[in-house]
Every structure is written in C-alpha cells, then in structure tokens.
1. Among A:184-194, A:325-335, how do they line up by average Cβ neighbours within 10 Å per residue, starting with the highest?
2. Can you tell me the order of B:242-248, A:77-83 when each peptide is scored by its average per-residue count of other Cβ atoms within 10 angstrom, highest first?
3. Once you list every other residue whose beta carbon is under 14 Å from the beta carbon of residue A:264, what net charge do they have if Lys and Arg are +1 and Asp and Glu are -1?
4. Evaluate E = 1/(1 + (r/R0)^6) for residue B:61 and residue B:195, where r is the Cβ-Cβ distance and R0 equals 41 Å; express this FRET efficiency to the nearest 0.05.
5. Going highest first, how would you order B:154-162, B:14-22 by mean Cβ packing within 10 Å?
6. Would you work out which of B:30, B:59, B:73 lies farthest towards the positive end of the dipole of chain B, given +1 charges on the beta-carbon of Lys and Arg and -1 on that of Asp and Glu, about the Cα centre?
7. Report the net charge of residues surrounding residue B:132, where surrounding means a beta-carbon distance below 15 angstrom and charges are Lys +1, Arg +1, Asp -1, Glu -1.
8. So what's the gap between the Cα centers of the stretch A:128-168 and the stretch A:16-45, to the nearest angstrom?
Amino acid sequence: MDVSVSHVTKEFARFPALNDVSLDIHSGELIALLGPSGSGKTTLLRLIAGLDQPTDGQILFGGEDASHKSVQERNIGFVFQHYALFRHMTVAENIGFGLKVRPAAARPPKTEIRRRVGELLEMIQLSGLEKRYPNQLSGGQRQRVALARAMAIEPRVLLLDEPFGALDAKVRKELRKWLRDFHDRTGHTTVFVTHDQEEALELADRVVVMSQGRIEQVGSADDVYDRPSSPFVHRFIGEASEVAVRMEDGEVWIDDRTVGLKADGNGPARLFFRPHDLELLTGCGGCFEGVVVGSRRLAGARRLEVELGGGRHRVEIDVPVDHPAAMKSGLNFRPRHWRVFPVAG
Amino acid sequence: MTDRMLRKPHLRSPTDETLLTKLVLIGIGGSFLAFFLFLPLIVVFVEAFRNGIGRYWDALVEPDAAAAIRLTLTVAAIAVPLNLVFGVAAAWAIAKFEFRGKAFLITLIDLPFSISPVISGLVYVLLFGSQSLLGPILKRYGIEILFAVPGIVLATVFVTFPFVARELIPLMQDQGTGDEEAALSLGASGWQTFRFVTLPNIKWGLLYGVLLCNARAMGEFGAVSVVSGHIRGLTNTMPLHVEILYNEYNMAAAFAVASLLAALALVTLALKTLLEIRFDAGNAGGRRH
C-alpha cells in the first residue's frame, strides 16, 4: 500500500509541530522517521495513523484521500512506544483483540481466531506463553506481542513509534535484526520512528531526517551519511567536524590560506567533514595546518582537538591510538570527503 | 561475615527511633483511637442491645423504622447508580480529553465537598420551595419535590456527587490514553474500547468509589434533614429517624437503628480494605488512600 503525505501541516495550540511536510512512501518499503525530540516525527506517524488530524494538507492511502477516515477505517497496525498492551488480558487475548472486536459479519469464528493467534505467536517466537499476562513478560517479549497484536488485523500499513526505545542495548540489537527479517518475510509497508541514527541507518530502506517540523532529507543510508543535504543532517547523522571557511576562485579558504579543497561558489561557508575520514600529512602544501590542544581516548581511536589559523578555529579529528601527536605539536591533515554549505547572508 | 554483621548491636537505621519514643508515640496514637473511635462504636452496640435482642428486633420492624430503612435503601438505589454514571462520564471527559474550562469543571465537581451539607439542602429549598420560581409551577402539575422523596434523592445525589469522579480522575489520568488509542487502532468502536479496555482498567477504583458513595448516601444527614420535612413513615431516612427517636428519649430504639448504620460503616470498611488489597495488586504504582 502506497502512502502519500501531501503538504501536511499540524499545529498544537498555534505551535506548528509539522510545517508543510510532503512524503511518498512506496508499497513494501521500510521507512525510518529520524530526528531529535520535538522534530515532529511522532506527530507525522500519528497523522498517518489517524490518531490525530492534520491542520492542513492530505494523507493518501493508495491514491485515495484518507484525511476524513477514522483510525478504525484506515486499517493500520500501530505499535506504541510503551506497547500499550492490555494489562488485564493474556497474551493470546491481546493478540486476538483486533479480530474479536470486528463487526459480527466480518468476525472470524472463535476457532479461527485461536488458530491465527497461534500462527502469530509462532511468528514472534513466543509459542507457549499465550496464557501469560503482559506484566509477566520481559520488555522484548512485550514488544513482540505488541507487534503481533498489530499484525493480527492484517493492516495495510505497519506504523511503529520508537519500537525499541524502552529496551536495553543488547535486546534492541537483536530485535532490530528480527524486525528486518520480519519485514522481509511479510513485505508490509512499514514506517517507524526513531531518534537512534544507527537504528535508522541499519534497518531502513530509506531514512527521512526531520528537524523542527520539516523534512531535511529523504534518502538511503548512503545518501544521508555520505551526501547530507544540509548542515543539520551532517551534524545529526554520524560525527561532524566543522569550520568556518570562504569560497573563492574555485578553492576553499581558511582565513587567508587555501587548504587544497576544490569548491564552486563564492562567499562565506561552513566546511564539514567526518573526524575519522581524513589523511594525515607530513608536509603541507595546501592543507589543514594545526596545533594539538587537546586529546582524549575513544574506543578505537584517539580524538584530538586541533587549533587552526593560529587559534581562530578549532576542530576535532581522530587519529590512530598509537599516533605520537603531543600537546602543542603541529599536525597537518586533509579530509578525504567533505561538504561545503554556503552561509546565508 | 554475615555473622559479624548480625551481631553488631544497636545500629539503628536513620529513620528509626528509640524504644521509649516508639512506645510513647504508639501509646498516644492508640489511646486516641480507642477513645474517639472504638469506644463510641462499642457504646452504640451496647446501648442497642441493652434491653435484649427482642426489643432490638422490635425497634427495627416497627412500621416507622421499617419505612425509614426502606426509604434509605431506595434513595441509595437511585443516587448511587446516577452518580456512578455521572462520575464515570466526568472522569472520562476530564482524564482523556483536553478542553477549555477543565480546571473549572474539576472545581465544580469538588463543590459538594467544600460546602456545608445544610447549604446543599437549602439550595433545593430555594429552588423548589413554595416561594421559589420552580416550586409553584411544578406544584401545578402535581409534582412534589420538597418534603418528598424526589427532594431527598436530589439532595443525596448532590452531596455524594464527587465520590466516584474523584476516585477515578487521578486513576484515569495516570493510565493515560495509550490503551484506548491501541484499541481504536485495532478497529474497536468507542463503546467496545470503553467496555473491553477502559472499564477493566478502572474497575477496582470504580468499585471503591461506589462503595464510599453508597456509605455517604445512606448516612447523609444535613442536606436530607433540610429537604425532608421529617414526616414519619414517609420522608424520614435512617439518620433522621435516629435523631427523632433520640429526641423522644427512646434510647434503645435510637441505638438499634444507629447500630444498623454503624454496621453498614463496618461492612464498608471491610470491603474497602479488601478492595485496596486487590487495587494494589492490580495497579502497582497507583494512588493510595
């Protein structure tokens, strides 16, 4: 089922949570909405689900306007951040709930419901726990029950709000892989919200990066990591070092020196690069020439704080752990990949 | 290692007190309870049975007493279900939705708690009395509110209004709307969501509220006294009947009827404790009393 979000705006008490957002989700895709808290990603998910109504704009399901359809009519599977399992129902009752509440004409017979619940339990690898109550399950198990409950109604679209947010790191990694397999097997159009970039990059076919109620960039993991389209995306995804530069004569300048990087355009700009993605040089004919002013150990590298241009700029770069750089010693380097964004005004 | 730790004497936890302090504090608390709570309760039952079980029984089945008991049960049977419905509806609206004037509505619900029951009764006298606007109109159609059962029911509903709502609002606010949204997203209708999800989530709190509401409905004196007119056998509830018997120096009968009310209080207390245990088991982290 294709889902199309078209010029959607959502205001809460005059405060815009989403500002003219458009997004096309293709059938069978696994999409991540990624952004810091307050970026509007959960709002967008709830609008697609029909749990909130947009102030302006349309949401289309398979080309059909769903704006005025209720949550029930949209036939979506929604997995809540804190699972929202019904605490007074067993696992089996939770999973079968969506089938039990169907109108009499569409409701499968009890034996059929039981069979379907059994199948879903097998799929989420929790067979044998159908008589347990939610508070007798671990976080990861609850998460999977919530997913099975949403799947039971055979939704057209599966929506997950921070699906792994409340789990510890190890379980999170396992479930991440499990969800990817699950998606590949069932082929559902799936949208999930996360603030964890690693999760978004690893899991999603396409990542939608959001900030302050707008979509900053939509693209594959390679796109958003290697070719970020804005300073925000570059800062938010992966690690970034940045420095104020100037573009002139097809070159990048730091103050009055060229640094050996080509650039089209003119005027003030900011240069971004990844701290680990650079080459260290011995001689310097047009490169970054700096002085080490700080050093701290990361897991697999040593991060140096380097002053450029006689102390007017400061960047962070990663060097091998056994690199001999000492405080106050000079250091020359050049980023392998970089992005230059003109500074407006 | 454990042994050595166990043998270390006189290491009190910071919040603990010496034995003497404990005894004094517990003694004060205990004697206060005994004097102000247990003693009066015992007196009620002792006085009620002073002239033997036969006289006790006679005092209860005597026509005016029986009528008072019947009236009290009738009033409670009308007022409690009404406030059950009102209370659930009000709590539902306040806890699950955002709207203008919510704080004002919460204050309004508390109003019966904050004003004297006598005033609550007077309000109805002013509203439906013979000098009022509504009274004469209703009288023309043969509808009697004041000094009749409808007035007593109205006054009781007013006084007991907050019990269910007050019990449910914090509970439902605490539970949020997540479960309801989940049910809706699974295709449940509004009514199904209420029946299968909301109601089971609040059932212990609801029972608890109903119990308190009932206890107050049966025991209410002030507001009912103002609107009832004290017509024997017709508009006297149990608390009013006790007062009349007492004023007539009919102590044994007064205490016999009073003992019924006291017994009701004890049953309510026992049920409340039982419910709290269930409540605790069902809603860890919920609000306690």
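1. On the way: A:184-194: 19.3, A:325-335: 15.0.
Descending mean neighbour count gives A:184-194, A:325-335.
2. Details: B:242-248: 16.3, A:77-83: 21.7.
Ranked by mean Cβ neighbours within 10 Å, highest first: A:77-83, B:242-248.
3. Values: positive: A:246, A:262, A:339; negative: A:248, A:249, A:251.
Local charge sum for residue A:264: 0.
4. Numbers: r = 42 Å, r/R0 = 1.04.
About 0.45, to the nearest 0.05.
5. On the way: B:154-162: 24.7, B:14-22: 8.3.
The most tightly packed comes first, giving B:154-162, B:14-22.
6. The residue sitting most towards the positive pole is B:30.
7. With Lys, Arg at +1 and Asp, Glu at -1, the neighbours total +1.
8. 22
The values are calculated or read from the model by the stated rules, or taken from the named source; none is laboratory data. Treat the numbers as computed from the prediction; the structure is a model and nothing was measured. Virtual Cβ from ideal backbone geometry, glycine too; neighbours counted across all protein chains shown. Keep in mind that these areas ignore ligands, DNA and RNA; they rest on the heavy atoms of the full protein, side chains included. Shrake-Rupley method; radii C 1.70, N 1.55, O 1.52, S 1.80 Å.
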